[in-house]
Amino acid sequence: MAAGVAHQIRNPLAVMKVSMEMLREDLAYPDNDTEAGDLTGFILNEIDTLDSVVNNFLAFAKPNRGNKSYESVEDLLDFTIRSIPLDKYDGIRLIREIDSDIGEHYFDRNLIVQAFSNIIINAFQCSEKGDRIIIRAYRNESALCIEIDDEGKGMSKEIVAKIYNPFFTTKETGTGLGLSIVHRIIEDHNGSIQVDSKQDKGTLFRLMFQETT
Amino acid sequence: MKKLLIVDDEVNMQKVLSILFRRERYEVMTVSNGKEALDKLESGVSFDLILSDMKMPRMDGIELLKYLKKSQINIPLILITAYGSHQVTYQFF
């Protein structure tokens, strides 16, 4: 049912987005500093917001079926990075530090890509031009570690304590479901999350997955 | 001029995609589902590209893609969907 409702919302959104992109070209191209450029840009951003609201509700409503297999960690991270609209975040550097011998892990690839994606998009959203985001993947003695390390605005301890609560958000347009979904997915993989955040310095998310035998 | 067939049951999506691709100098025809697309192909009209929605009544985009493959009709087909997700993408890998 949730997927059906999502479809009913996404189709009109897609029509609105393509129409607005064409109008933007007509009205504002190539000088996007015009008022028309700003106004059409606002509408396009809001359409993207609505689309992400639908995606998050869909993910939250959907039961995790658990379809796990051994997956290449590097491929999963690269797939996730490719799915992120980097052109929306001009001037933020994404650095990839994935150990060459990182190998495989037992993941539900659909779910884990969603979890990685939610954290990385958050990192972009809280960063500014000139900041960098590092994605690391390495193994320590007993676990596979994935880190998403940003130089964004960071969070206070009080906020960090609430980030997994459904519907808690600090964003003006957020649903507050993104990190709740991440938390559930990582738990489903017997993993754990460490968050190290300092206001105005940045946030480090470390996901740790015990080696499976 | 390249010929494009748009297959979508949403009339507004048909219209907006038609405008978009006519601007890109495609000759555009539209139908509402996979079955109508096949009827069009079987009537002898040829296309350089098919742009098809996935979820449609009568015959959906995946059935259309499978039929084209099975019948060795070598027209590139791009699937579009409002059900976009990593899961949907993985189906085709």
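Of all residues in segment A:114-126 being within 14 Å of chain B (Cβ to nearest Cβ) and among the β-branched types (Val, Ile, Thr), which is surrounded by the fewest Cβ atoms within 10 Å (Cβ to Cβ)? Break it down into steps so the answer makes sense when it comes.
First, the residues of segment A:114-126 that are within 14 Å of chain B (Cβ to nearest Cβ): A:114-118, A:120-121.
With the extra rule that they be among the β-branched types (Val, Ile, Thr), the set shrinks to A:120-121.
Working: A:Ile120: 21, A:Ile121: 19.
Among those that are within 14 Å of chain B (Cβ to nearest Cβ) and among the β-branched types (Val, Ile, Thr), it is A:Ile121.
Any residue at all in segment A:195-207 that's closer than 27 Å to A:Glu46 by Cα and β-branched (Val, Ile, Thr)?
yes
Go through segment B:75-93 and count every residue that is at pLDDT 90 or above, touching a helix residue (DSSP H, G or I) at 6+ places or on another chain (Cβ under 9 Å) and assigned to a loop (DSSP other than H, G, I, E, B).
1
In this structure, is A:Asp87 out of contact with any Pro (no Cβ under 8 Å at 6 or more places or on another chain) and modelled with pLDDT of 90 or more? Before the answer, list the steps.
On the way: out of contact with any Pro (no Cβ under 8 Å at 6 or more places or on another chain): yes; modelled with pLDDT of 90 or more: no.
Spelling it out, it is not the case that A:Asp87 is out of contact with any Pro (no Cβ under 8 Å at 6 or more places or on another chain) and modelled with pLDDT of 90 or more.
Which pairs do you get when a residue that is under 15 Å from B:Asp8 (Cβ atoms), found in segment A:4-21, comes within reach of a residue that is of a type in the set (Lys, Arg), reach meaning Cβ atoms under 7 angstrom, with the pair 6+ apart or on two chains?
Going by the 7 Å Cβ cut-off, the qualifying pairs are A:His7/B:Lys55.
Against the definition (more than 14 Å from chain B (Cβ to nearest Cβ), part of a helix (DSSP H, G or I) and more than 18 Å from A:Val53 (Cβ to Cβ)), how does A:Ile186 come out, yes or no? Give the derivation first.
Values: more than 14 Å from chain B (Cβ to nearest Cβ): yes; part of a helix (DSSP H, G or I): yes; more than 18 Å from A:Val53 (Cβ to Cβ): yes.
Taking the combined requirement at face value, the residue satisfies it.
Just name the residue that is nearest to A:Ile121 (Cα to Cα) out of those in segment A:149-159 that are touching a strand residue (DSSP E or B) at 6+ places or on another chain (Cβ under 7 Å) and surrounded by fewer than 20 Cβ atoms within 10 Å (Cβ to Cβ). Spell out how you get there, then give the answer.
Of all residues in segment A:149-159, those touching a strand residue (DSSP E or B) at 6+ places or on another chain (Cβ under 7 Å) come to A:149-152, A:154-155.
Then drop every residue that is not surrounded by fewer than 20 Cβ atoms within 10 Å (Cβ to Cβ), which leaves A:149, A:154-155.
Values: A:Asp149: 12, A:Gly154: 14, A:Met155: 16 Å.
The selected residue is A:Asp149.
Note down all Cβ pairs under 7 Å where the first residue falls in segment A:59-87 and is more than 28 Å from A:Asp131 (Cα to Cα), the second is modelled with pLDDT under 80 and not acidic (Asp, Glu), and they're at least six residues apart or on different chains.
Once the first residue is more than 28 Å from A:Asp131 (Cα to Cα) and sits in segment A:59-87, its partners that are modelled with pLDDT under 80 and not acidic (Asp, Glu) give A:Ala61/A:Ala2; A:Lys62/A:Ala2.
Confirm whether A:Arg136 is touching a residue at least 12 places away in the same chain (Cβ under 8 Å), farther than 17 Å from A:Thr203 by Cβ and within 16 Å of the chain's Cα centre (by Cα). Give the steps one after another, and end with the answer.
Details: touching a residue at least 12 places away in the same chain (Cβ under 8 Å): yes; farther than 17 Å from A:Thr203 by Cβ: no; within 16 Å of the chain's Cα centre (by Cα): yes.
Answer is no for this residue.
From A:Leu94, A:Leu58, A:Leu77, A:Leu111, grab the single residue that is under 16 Å from A:Glu147 (Cβ atoms) and either within 14 Å of chain B (Cβ to nearest Cβ) or part of a helix (DSSP H, G or I) (or both).
Working: A:Leu94 fails: either within 14 Å of chain B (Cβ to nearest Cβ) or part of a helix (DSSP H, G or I) (or both); A:Leu58 fails: under 16 Å from A:Glu147 (Cβ atoms); A:Leu111 fails: under 16 Å from A:Glu147 (Cβ atoms).
After applying the criteria, what remains is A:Leu77.
Only residues that are assigned to a strand (DSSP E or B), in contact with a Gly (Cβ under 6 Å, 6 or more places away or on another chain) and either within 12 Å of chain A (Cβ to nearest Cβ) or among the basic types (Lys, Arg) (or both): list them for segment B:1-60, please. Spell out how you get there, then give the answer.
In the first step, residues of segment B:1-60 are kept if they are assigned to a strand (DSSP E or B); the result is B:3-7, B:27-31, B:49-53.
Among the residues that remain, those that are also in contact with a Gly (Cβ under 6 Å, 6 or more places away or on another chain) are: B:52-53.
Scanning segment B:1-60 gives a single hit, B:Asp53.
Restrict the check to segment A:145-154 and report whether at least one residue is at pLDDT 90 or above and assigned to a helix (DSSP H, G or I). Give the derivation first.
Looking only at segment A:145-154, we keep the residues that are at pLDDT 90 or above, and these are A:145-154.
Narrowing the set further to residues that are assigned to a helix (DSSP H, G or I) leaves none.
The answer is no, given that none of the residues of segment A:145-154 is at pLDDT 90 or above and assigned to a helix (DSSP H, G or I).
For segment A:69-80, name all the residues that are surrounded by fewer than 16 Cβ atoms within 10 Å (Cβ to Cβ) and of a type outside the set (Ser, Thr, Tyr). Working first, answer last.
Of the residues in segment A:69-80, the ones surrounded by fewer than 16 Cβ atoms within 10 Å (Cβ to Cβ) are A:69-70, A:72, A:75, A:78.
Hits for segment A:69-80 are A:Asp75, A:Asp78.
The values are calculated or read from the model by the stated rules, or taken from the named source; none is laboratory data. From a predicted model like this one, the values you see are computed outputs, not experimental measurements. For neighbour counting, all protein chains shown are included, and Cβ atoms are generated from backbone atoms with ideal geometry for every residue, glycine included.
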